[in-house]
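Enquirer: Structure below; questions to follow.
The values are calculated or read from the model by the stated rules, or taken from the named source; none is laboratory data. Computed from a predicted structure; not experimentally measured. A quick note on method: Cβ atoms are made from the backbone with ideal geometry, for glycine too, and the neighbour counts reach across all protein chains shown. The area values use the complete protein model at the heavy-atom level, side chains included, leaving out ligands, DNA and RNA. Shrake-Rupley method; radii C 1.70, N 1.55, O 1.52, S 1.80 Å.
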Amino acid sequence: MNKKVFLGALTVAGLAAGASAAATIDDVKARGSLKCGSNEGLAGFAAPDANGVWQGFDVSLCRAIAAAVLGDAQAVEFVPLTSQTRFTALAAGEVDVLIRNSTWTFSRDTDLKLDFVGVNYYDGQGFMVRNDIGVSSAKELDGTTVCIQTGTTTELNLADFFRVNNISYEPVPVATNAEGQQQYLAGACDVYTTDISGLAATRATFENAGEHVILPEVVSKEPLGPAVRHGDSEWGDIVRWTLNALIAAEEYGVTSANVMELAAGPTTNPEINRLLGTEGELGAMIGLDKDWAVRAIAAVGNYGEVFERNIGEATPIGLARGLNAQWTEGGLLYAPPFR
Amino acid sequence: MAEATDPPRETFRLSQLLYDARYRSMTIQVVAAILIMLLLVELVDNTVTNLAALGKDIRFGFLWSTAGYDINQQLIPFTSQDTHARAALVGILNTLVVAALGCILATIIGVLAGVLRLSSNWIVAKIMTFYVEAMRNTPLLIWILIVFAVMTEATPQPREFREGGSASMILWDSVAISNRGVYIPRPIWAEGSGFVVAVFVLSVIGIFVLRHIARKRQQDTGQILPVFRLSLALFFVPTLLAYFLMGRPVTLETPELGGFNFAGGLQIRNSFIALWLALSLYTSAFIAEIVRSGILAISKGQTEAAFALGIQPNRTMQLIILPQALRVIIPPLISQYLNLTKNSSLAIAVGYMDVRSTLGGITINQTGRELEGMLLLGIFYLITSLIISAVMNLYNSSVKLKER
């Protein structure tokens with residue numbers, strides 16, 4: 001009897017998962033909240049603050065999407081996922097969108113049946129060591145013990161980097177950033193490797209951040225971006241264009257402070273008018289109303305505001321814009337035209 | 001002429017399937033079997049349909065593609081250029097090694113704790129009661145994390161072993177306990193060491209033969225051989241003789257601090273130690289209770305009868321109590337071994353690269369083949385458990401009550 005009930009439950013679960021494979025937008029609206037797969041705790045990107053409210057760079061994008069779709073930036077349910085469980089959770093329908101420092105790669109985009117809809121942070125893999133270890137280049141790391149989060153692209157890059165440079169290392173696999181941090185601080189590994197943004201964020205939480213140095217080598221390209229399930233292009237479009245709206249808003253000088261004023265009536269810039277819905281019917285084309293982008297920008301600010309507030313140079317994490325500057329400023333951010 | 005009347009012939013009616021107690025149970029079973037099978041078919045069909053809806057198929061080709069990741073503890077050579085199948089094999093061996101060593105240590109600790117809990121010494125008995133209850137009533141994962149935290153936080157870093165550092169190696173500078181693991185000397189097998197090993201193996205076989213002869217002799221003539229002392233001599237003397245005769249072919253390579261880490265010697269990683277100790281301690285508490293129940297199951301009259309015949313206490317235990325207690329102990333012990341083996345999949349908590357971490361973790365994550373990976377993982381644990389059961393059942397049938 002128990003067995004039958006169990007199998008029945010499995011079947012129902014399977015059917016439910018099958019039903020939710022399409023039309024994520026309807027599920028989100030019916031539920032009244034967005035399920036956002038996020039990091040289980042990476043300062044500046046996604047971590048709960050002292051009041052238990054999730055804050056961070058990736059978190060802001062989740063809130064922007066919720067604001068655009070549901071009209072409420074707080075209607076987000078954050079689901080902390082480890083690097084190992086994140087893609088399975090997304091594919092199984094446990095989250096609507098995955099914004100968790102995930103690198104856009106060919107096989108993830110195709111074979112894993114995910115769709116990466118854009119890049120919200122251009123990153124690269126680096127190494128962090130203690131100052132007193134006396135190393136100035138990653139090529140001097142022969143014989144070191146390296147802490148690494150399993151199930152990541154960094155794991156593969158690491159193997160490639162040490163093999164190509166013909167130096168040896170001992171990997172110490174860790175499941176989460178917190179575990180890696182604890183192992184590294186205890187000296188159980190000489191080196192901690194992950195995306196440079198992650199290293200900076202992790203170092204910012206150290207008691208003596210000055211005793212640790214991030215080595216100059218950047219050993220890989222790590223375009224981090226939001227991912228959705230393959231096969232639901234309507235939902236993918238919403239996530240993609242919410243991100244683009246934040247990027248375009250910075251380019252056109254739309255901020256959380258002036259967005260209401262600009263949206264009150266048509267301005268002289270037709271791009272701004274189309275973005276903010278005072279001209280054209282762009283919102284309806286992705287199944288939303290015309291104020292979708294206004295709500296997103298009003299909720300979290302434009303891309304530059306999100307960056308400066310969470311991980312910018314004024315924050316403890318102190319990341320420079322670098323590759324993540326607008327294309328007009330020599331960076332890679334380039335939102336396609338809103339037309 | 002006597003007329004034999006046939007008993008009224010029973011005709012089978014369909015309603016009997018439901019109302020006749022003789023057939024009813026069979027009806028219920030058939031219906032239940034059909035329902036279960038239908039559900040299974042539905043489940044498989046549902047899985048395949050949903051996978052197809054996601055655009056995924058079920059293929060095992062990923063096993064032969066390049067793994068691309070490194071594994072720290074490898075019993076067979078492995079590089080990042082090897083296949084996922086080989087990575088799985090490395091993981092399988094790591095699982096088996098921790099399970100095997102765990103079963104051995106758990107049995108030793110468990111038997112000790114179980115016997116000591118029956119001790120007439122009040123303090124010893126209470127300490128063991130506390131140990132058993134503390135271990136049995138807390139989750140295994142907590143013990144794994146506790147041992148791991150102690151190993152990484154309370155032990156010195158390798159650089160502390162440098163000149164002027166606060167830590168030093170123990171046992172004549174041959175063993176280093178650091179927060180990256182315990183480094184022990186590694187034997188180097190030079191020419192002629194094969195002979196020494198062969199002598200050692202032969203003397204171990206000799207010990208078993210000796211025990212057999214001793215038992216037979218005791219049963220036939222009642223004379224008792226000094227088995228323990230003879231075994232001890234057999235264990236050491238021939239091997240040492242061969243070792244010196246061959247010109248000391250086996251040398252030890254001690255770990256030395258070089259660069260960032262210890263080089264040379266054998267590294268026993270913290271993740272392994274944490275998993276091994278925690279699994280052993282946890283399972284030993286259950287084994288202790290099994291052993292205690294086994295001993296208590298033997299009537300006190302047996303001991304008293306043996307004493308009345310003038311048999312010494314240790315021989316009473318060895319010849320009378322234990323052989324009978326084993327009949328009670330072995331069957332539940334099998335399931336403890338199975339538990340320990342399956343519990344070793346908690347390795348991921350401390351980053352021990354068992355098969356759950358390689359095939360069921362990194363490989364699945366890098367290839368996106370969750371269903372296939374988990375299926376293979378399930379089959380592996382199933383086969384391993386069945387083999388352990390089979391071997392232990394063989395042993396059980398050799399000690400169980402012989403009914404003639």
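Enquirer: Of the residues B:ARG24, B:ARG86, which is basic (Lys, Arg), surrounded by 12 or more Cβ atoms within 10 Å (Cβ to Cβ) and without any contact (Cβ under 8 Å) to a residue 12 or more places away in the chain? Before the answer, list the steps.
Expert: Numbers: B:ARG86 fails: without any contact (Cβ under 8 Å) to a residue 12 or more places away in the chain.
None of the others qualify; the one that does is B:ARG24.
Enquirer: State which residue is most open to solvent (accessible area, probe 1.4 Å) when the search covers only segment B:50-62 and only residues that are modelled with pLDDT of 85 or more and part of a helix (DSSP H, G or I).
Expert: That would be B:GLY61.
Enquirer: Name the single residue, out of those in segment A:139-150 being open to solvent by less than 10 Å² (accessible area, probe 1.4 Å) and in a loop (DSSP other than H, G, I, E, B), that is farthest from the other protein chains (Cβ to nearest Cβ).
Expert: The qualifying residue farthest from the other protein chains (Cβ to nearest Cβ) is A:LEU141.
Every residue, every condition in (1) open to solvent by 40 Å² or more (accessible area, probe 1.4 Å); (2) away from chain A (no Cβ under 14 Å); (3) in contact with a His (Cβ under 6 Å, 6 or more places away or on another chain); (4) not in a loop (DSSP other than H, G, I, E, B), yes or no:
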site	(1), (2), (3), (4)
B:GLU42	yes, no, no, yes
B:ASN46	no, no, no, yes
B:LEU101	yes, yes, no, yes
B:ILE104	yes, yes, no, yes
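Enquirer: For B:GLN223, which of the numbered conditions (1) touching a helix residue (DSSP H, G or I) at 6+ places or on another chain (Cβ under 9 Å); (2) more than 14 Å from chain A (Cβ to nearest Cβ); (3) in a helix (DSSP H, G or I) fails to hold?
Expert: Only one criterion is unmet by B:GLN223, namely (3).
Enquirer: For segment A:231-248, name all the residues that are open to solvent by less than 20 Å² (accessible area, probe 1.4 Å), in a helix (DSSP H, G or I) and either within 14 Å of chain B (Cβ to nearest Cβ) or small (Gly, Ala, Ser) (or both).
Expert: Listed by number, the residues that qualify are A:GLY236, A:ALA245, A:ALA248.
Enquirer: Can I ask one more? Taking A:SER136, is it more than 10 Å from chain B (Cβ to nearest Cβ), more than 15 Å from the chain's Cα centre (by Cα), open to solvent by 20 Å² or more (accessible area, probe 1.4 Å) and not hydrophobic (A, V, I, L, M, F, W, C)? If you could, list the steps in order and put the result at the bottom.
Expert: Working: more than 10 Å from chain B (Cβ to nearest Cβ): yes; more than 15 Å from the chain's Cα centre (by Cα): yes; open to solvent by 20 Å² or more (accessible area, probe 1.4 Å): yes; not hydrophobic (A, V, I, L, M, F, W, C): yes.
In short, yes.
Enquirer: Is it the case that some residue within segment B:291-303 is buried (at least 21 other Cβ atoms within 10 Å of the Cβ), under 18 Å from the mean Cα position of the chain (by Cα) and either under 26 Å from B:LEU112 (Cβ atoms) or away from chain A (no Cβ under 14 Å) (or both)?
Expert: So far as segment B:291-303 goes, yes, one or more of its residues are buried (at least 21 other Cβ atoms within 10 Å of the Cβ), under 18 Å from the mean Cα position of the chain (by Cα) and either under 26 Å from B:LEU112 (Cβ atoms) or away from chain A (no Cβ under 14 Å) (or both).
Here is a yes/no grid of residues against (1) in contact with a strand residue (DSSP E or B) (Cβ under 9 Å, 6 or more places away or on another chain); (2) open to solvent by 50 Å² or more (accessible area, probe 1.4 Å); (3) within 12 Å of chain A (Cβ to nearest Cβ):
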| residue | (1), (2), (3) |
| --- | --- |
| B:LEU319 | no, yes, no |
| B:ILE330 | no, no, no |
| B:ASN339 | no, yes, no |
| B:ALA347 | no, no, yes |
| B:VAL355 | no, no, no |
| B:THR358 | no, no, yes |
| B:ILE362 | yes, no, yes |
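Enquirer: Here's another thing I want to ask about it. If we only count helices (runs of 4 or more DSSP H) wholly inside segment B:300-354, which ones have 2 or more residues that are touching a residue at least 12 places away in the same chain (Cβ under 8 Å) and within 30 Å of B:ILE364 (Cβ to Cβ)?
Expert: Counting at least 2 such residues, we get B:322-343.
Enquirer: For segment B:63-81, indicate whether the set of residues that are under 23 Å from the mean Cα position of the chain (by Cα), away from chain A (no Cβ under 14 Å) and not in a helix (DSSP H, G or I) is non-empty.
Expert: Within segment B:63-81, one or more residues are under 23 Å from the mean Cα position of the chain (by Cα), away from chain A (no Cβ under 14 Å) and not in a helix (DSSP H, G or I).
Enquirer: Further, regarding this structure: Kindly establish whether B:ILE311 is under 18 Å from the mean Cα position of the chain (by Cα) and over 30 Å from B:MET151 (Cβ atoms). So that I can check it myself, show each step before the final result.
Expert: Values: under 18 Å from the mean Cα position of the chain (by Cα): no; over 30 Å from B:MET151 (Cβ atoms): yes.
Considered against the rule, which asks whether it is under 18 Å from the mean Cα position of the chain (by Cα) and over 30 Å from B:MET151 (Cβ atoms), B:ILE311 comes out as no.
Enquirer: Then there's this: Kindly provide the set of residues from segment B:239-264 that are away from chain A (no Cβ under 14 Å) and either at positive phi or open to solvent by 40 Å² or more (accessible area, probe 1.4 Å) (or both), ordered by number.
Expert: B:LEU240, B:LEU241, B:TYR243, B:PHE244, B:LEU245, B:MET246, B:GLY247, B:ARG248, B:THR251, B:LEU252, B:GLU253, B:THR254 - these are the residues of segment B:239-264 that are away from chain A (no Cβ under 14 Å) and either at positive phi or open to solvent by 40 Å² or more (accessible area, probe 1.4 Å) (or both).
Enquirer: Need the failing condition index for A:VAL228 against (1) within 26 Å of A:ILE65 (Cβ to Cβ); (2) facing another protein chain (nearest Cβ under 9 Å); (3) buried (at least 23 other Cβ atoms within 10 Å of the Cβ), just the number.
Expert: With (1) within 26 Å of A:ILE65 (Cβ to Cβ); (2) facing another protein chain (nearest Cβ under 9 Å); (3) buried (at least 23 other Cβ atoms within 10 Å of the Cβ) applied to A:VAL228, the lone miss is (2).
Enquirer: Still on this structure: For segment A:83-103, name all the residues that are under 19 Å from A:LYS221 (Cα atoms) and within 11 Å of chain B (Cβ to nearest Cβ).
Expert: Scanning segment A:83-103 gives a single hit, A:SER83.
Enquirer: On to the next question. Would you pick out the residues in segment A:104-124 that are away from every other protein chain (no Cβ under 14 Å) and not in a loop (DSSP other than H, G, I, E, B)?
Expert: Passing the criteria: A:TYR121, A:TYR122, A:ASP123.
Enquirer: Something else about it: Got at least one residue in segment A:81-100 being acidic (Asp, Glu), assigned to a loop (DSSP other than H, G, I, E, B), touching a Leu at 6+ places or on another chain (Cβ under 6 Å) and at pLDDT 90 or above?
Expert: yes
Enquirer: Do the conditions hold for A:SER136, that is, is it assigned to a loop (DSSP other than H, G, I, E, B), within 30 Å of B:THR79 (Cβ to Cβ), modelled with pLDDT under 90 and not acidic (Asp, Glu)?
Expert: yes
Enquirer: Would you point out the residue of segment A:263-284, among those that are part of a helix (DSSP H, G or I) and open to solvent by 50 Å² or more (accessible area, probe 1.4 Å), that is farthest from A:ARG339 (Cα to Cα)?
Expert: Here the residue is A:ALA264.
Enquirer: Look at segment B:369-404 and say how many of its residues are more than 26 Å from B:LEU141 (Cβ to Cβ), touching a residue at least 24 places away in the same chain (Cβ under 8 Å) and either of a type in the set (Ser, Thr, Tyr) or outside any helix (DSSP H, G or I) (or both).
Expert: Counting residues in segment B:369-404 that are more than 26 Å from B:LEU141 (Cβ to Cβ), touching a residue at least 24 places away in the same chain (Cβ under 8 Å) and either of a type in the set (Ser, Thr, Tyr) or outside any helix (DSSP H, G or I) (or both) gives 4.
Enquirer: Let me ask something additional. How about segment A:151-208: which of its residues are charged (D, E, K, R) and either open to solvent by 30 Å² or more (accessible area, probe 1.4 Å) or within 8 Å of chain B (Cβ to nearest Cβ) (or both)?
Expert: Selection gives A:GLU155, A:ASP160, A:ARG163, A:GLU170, A:GLU179, A:ASP190, A:ARG203, A:GLU207.
Enquirer: Restricting attention to segment A:215-223, does a residue exist that is within 14 Å of chain B (Cβ to nearest Cβ), outside any helix (DSSP H, G or I) and without any contact (Cβ under 8 Å) to a residue 40 or more places away in the chain?
Expert: no
Enquirer: What is the number of the single condition among (1) part of a helix (DSSP H, G or I); (2) open to solvent by less than 20 Å² (accessible area, probe 1.4 Å); (3) away from every other protein chain (no Cβ under 14 Å); (4) touching a strand residue (DSSP E or B) at 6+ places or on another chain (Cβ under 7 Å) that A:ALA64 does not meet?
Expert: Of (1) part of a helix (DSSP H, G or I); (2) open to solvent by less than 20 Å² (accessible area, probe 1.4 Å); (3) away from every other protein chain (no Cβ under 14 Å); (4) touching a strand residue (DSSP E or B) at 6+ places or on another chain (Cβ under 7 Å), only one is false for A:ALA64: (4).
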